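Quick note: the coordinates plus some simple rules give every number you see, no bench work behind them. This structure is a prediction, so every number in the text was calculated from the model and none was measured. Because the Cβ atoms are built from the backbone with ideal geometry, glycine has one as well, and the counts that use them run over all protein chains shown.
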Amino acid sequence: MLSVADIAQFLNEIAPPELAESWDNVGLLVGGYEQPARRVMTCLTITPQSAAEAVAERADLIISHHPLPFRPLNRLTTETGEGRLLLELIGAKIAIFSPHTAFDSARQGINQRLAAGLQLTEIVPLVPGDEPELGAGRQGRLPAPLSVAELAARVKRLLAIERVQAVGSLEKSVQRVAVACGSAGEFMEGAKAAGCDCLVTGEVRFHGCLQAESLGLGLVLAGHFASERFAVEALAECLGKQFPSLQVWASKQESDPVIWL
């Protein structure tokens, strides 16, 4: 029978924890390595909806991209939303594992998948790590130049979404593109310094959008949820192939909390 340790070992191989940012909280966060892992649910974030799904579907392990808990807890009670979720899952004997920024930066992690899905070539980390092909974000070249509007349409097709936001001229010609999932305004100056014409990410704050304008850097903003959720689904497929006896699925109940009109 598979155990949490078996799944954790595989996850640490594809998303080595040393790739995680220093501020992050990755790895096994709740439960024991010796626990059985027959049914596993992946999700972007543990919410009341996804937690209830895991309990109802008798999951043994949740692999949540965003950590729970994220910061150290002084107490664990039902007085907080985080406490209620953790106590519910602990009571149901459901372990929690989070790869978070290690998976963002991994060789076949979220940013690599984003860059490849946008058909970039010569893909390299935007912020290089200690080894080739490892590091934060990605950058690469389009085979032929596109406008920001055309690149935005490609992003929508890749992520199966109907709306994105853009900053800068929609007619601006783009050939070198940076990608960084989630909230990645801190990558803008690095993208510009690397010669990128545009950064594709989930979200950037208002003043970050103004900064992008001043840098002459286009932005395509797909939303935090959409920029990462597709990889949670891919991770479930990957686990199913690696462990044929495992019953694994991506949460069917979680959704983008932001309503795009």
Task: Volume of the Cα convex hull of segment 161-254, divided per residue and given in Å³ - done: 121
- [ ] May I ask for log10 I(q)/I(0) of segment 73-191 at q = 0.15 Å⁻¹, from a Debye sum over the Cα atoms as equal point scatterers with solvent left out?
- [x] -0.76
Open item on the list: At 222 nm, what value in deg cm²/dmol follows for the chain if DSSP H runs of at least 4 each add -39500 (n - 2.57) and the sum is divided by all its residues, to the nearest 500?
Closed with: -10500 deg cm²/dmol
TODO: Quick one: check the C-alpha center-to-center distance for segment 104-174 versus segment 178-214, whole angstrom.
DONE: 12
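So for segment 100-202: antiparallel DSSP bridges make up what percent, rounded to the nearest 5?
Of those bridges, close to 70 percent are antiparallel.
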- [ ] State to the nearest 20 debye the size of the charge dipole of segment 4-102 about its Cα centre, where the only charges are +1 on K and R beta carbons and -1 on D and E beta carbons.
- [x] 300
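I want the local charge near Phe243. Using Cβ-Cβ distances under 12 Å, sum +1 for each Lys or Arg and -1 for each Asp or Glu among the other residues.
Taking every Cβ under 12 Å from that of Phe243, the sum is +1.
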Open item on the list: What is the angle, in °, between the Cα long axis of helix 224-242 and the longest principal axis of the Cα atoms in the chain? Nearest 10 is fine, range 0 to 90.
Closed with: 50
Open item on the list: If the elastic network links every pair of Cα atoms under 10 Å, which of Gly185, Gly218, Gly83 fluctuates the most in the Gaussian network model of the chain?
Closed with: Gly83
Open item on the list: What value in Å³ per residue do you get for the convex hull of the alpha-carbon atoms in the chain?
Closed with: 134
- [ ] Take the eigenvalues of the Cα gyration tensor for segment 29-133, scale each by 5, and report the square roots as semi-axes in whole Å, largest first.
- [x] 31, 15, 13
Open item on the list: Which aspartates and glutamates, if any, have their Cα less than 18 Å from the Cα of Lys156, not counting same-chain residues under 8 positions apart?
Closed with: Glu171, Glu203, Glu228, Glu233, Asp256
TODO: Give the order of Arg157, Arg229, Arg38 when sorted by the count of other beta carbons within 10 angstrom, beginning with the fewest.
DONE: Arg157, Arg38, Arg229
TODO: Provide the descending list of Cα extents for segment 1-50 along its principal axes, expressed in whole angstroms.
DONE: 33, 28, 17
Open item on the list: Below 11 angstrom from the Cβ of Leu44, what's the summed charge of the other residues (Lys, Arg +1; Asp, Glu -1)?
Closed with: -3
